[in-house]
1. Per residue, how much accessible area does the chain show when a 1.4 Å probe rolls over the protein heavy atoms, in square angstrom?
2. Carbon and sulfur: what percent of the range 64-106's accessible surface (1.4 Å probe)?
3. If you find the alpha carbon centre of the range 42-75 and of the range 1-23, how far apart are they in angstrom?
4. Using only Cα atoms, tell me the angle between helix 11-37 and the longest principal axis of the chain; keep it within 0 to 90° and round to the nearest 10.
5. Can you find, among G85, I38, A22, the residue farthest towards the positive end of the dipole of the chain? Put +1 on the C-beta of Lys and Arg, -1 on that of Asp and Glu.
6. In straight Cα distance, which aspartates and glutamates are under 13 Å from K107, not counting same-chain residues fewer than 8 positions off?
7. Mind putting a number on the dipole of the chain about its Cα centre? Charges go on the C-beta only, +1 for Lys and Arg and -1 for Asp and Glu, and I need it in Debye to the nearest 20.
8. Take every Cα pair under 8 Å in the range 18-110 that's 6+ residues apart, average their separations, divide by the length, and report that relative contact order as a whole percent.
Amino acid sequence: MSIVPEIAGSSRARFILGVIAAWLMFQLWLTLAAPGKISAELDGTSPKVNVQIELPFTPERFHVLAFQQYGRVSGAEGHSIELRGVKRTDLNAVARPYWVTSVGPIKEGG
């Protein structure tokens, strides 16, 4: 008795497999899109950088708290959050959420 024909015959199992496949594709897309959101101006050799994270909306408390695990939040203005002391190895993780549009250096005087 094989389980494959049972799964193929069950609409519930096919639905669950479809949801899992969609979720995996979304996770893959997030991972592949993250490096493209990071500005080339952040290239360098220092172990930590100060970044400005751009969002398509005004950040709320949830977003600020989500980024605090990567560095010190020094402010939020308009559609951006300033994050200081971010390890270079964490830049992809900072850029990974779908609601992050770009990650670049902090704009001075802004």
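The values are calculated or read from the model by the stated rules, or taken from the named source; none is laboratory data. Everything numeric in this text was worked out from a predicted model, so none of it was measured. Cβ coordinates were reconstructed from backbone atoms using ideal geometry, including for glycine residues, and neighbour counts include every protein chain displayed. Each accessible area value is taken on the protein alone, full model and side chains, heavy atoms only, with ligands, DNA and RNA left out. Shrake-Rupley method; radii C 1.70, N 1.55, O 1.52, S 1.80 Å.
1. Dividing the accessible area of the chain by its residue count gives 67 Å².
2. Details: 1040 of 2140 Å².
Of the solvent-accessible surface of the range 64-106, carbon and sulfur hold 49 percent.
3. Going from one Cα centre to the other spans 40 Å.
4. 20
5. A22
6. Partners within reach: E41, E54, E77, E82.
7. Values: 11 positive and 9 negative charges, 56 e Å.
The dipole of the chain has a size of about 260 debye.
8. On the way: 143 pairs, mean separation 36.2, N = 93.
Contact order relative to length: 39 percent.
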